[in-house]
Every structure is written in structure tokens, then in C-alpha cells.
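What follows is a set of notes on a single structure, which appears directly below.
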Amino acid sequence: MAAAVRLNPKNVDAVHTGDCWAVAGSDRCRPVSRDQAVEAIQHQVPACTFCRPDTALGLE
């Protein structure tokens, strides 16, 4: 199995769920794996206050 690609928290503004209205249509957003989203939140990348990906991922 390939190693997960680590996100650079300096390049990530926030973590969102895939259906978040706050980023709908944005060309700046990129999908990531569940593991990458969890890692980002655990490394102080803020979770969107609208879609609450931390709650959706079971972290809150």
C-alpha cells in the first residue's frame, strides 16, 4: 500500500466536507482522503464552522 501524502498546513486554510456550501464552486479546493483530513485537523488546520468536518469525522 502506498504511503499517504501529507498535507502542508501552511497551504491549507480549512478542512471542509465534500458538500460544504461555503466552498461550492471554488477552484481553490481539492479533495483529500479521510486520513489526510483527520491529520490536518489534528495538526491545527481549522475545521469549517459551517459544515463541521471534525464532527463528521468523529473527532469532536
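The values are calculated or read from the model by the stated rules, or taken from the named source; none is laboratory data. If you're wondering where the values come from, they're calculated on a predicted model, not measured in any experiment. We work out accessible area using only protein heavy atoms, side chains counted, and drop any ligands, DNA or RNA first. Shrake-Rupley method; radii C 1.70, N 1.55, O 1.52, S 1.80 Å.
Values as computed for the structure displayed
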{"quantity": "Search result, residues across the stretch 1-24 that are modelled with pLDDT of 85 or more and open to solvent by 40 Å² or more (accessible area, probe 1.4 Å)", "calculated": "ASP13, HIS16, GLY18, ASP19, TRP21, ALA22, ALA24"}
{"quantity": "Selection count, the stretch 28-41, where residues are open to solvent by 80 Å² or more (accessible area, probe 1.4 Å) and more than 14 Å from ASP13 (Cα to Cα)", "calculated": "2"}
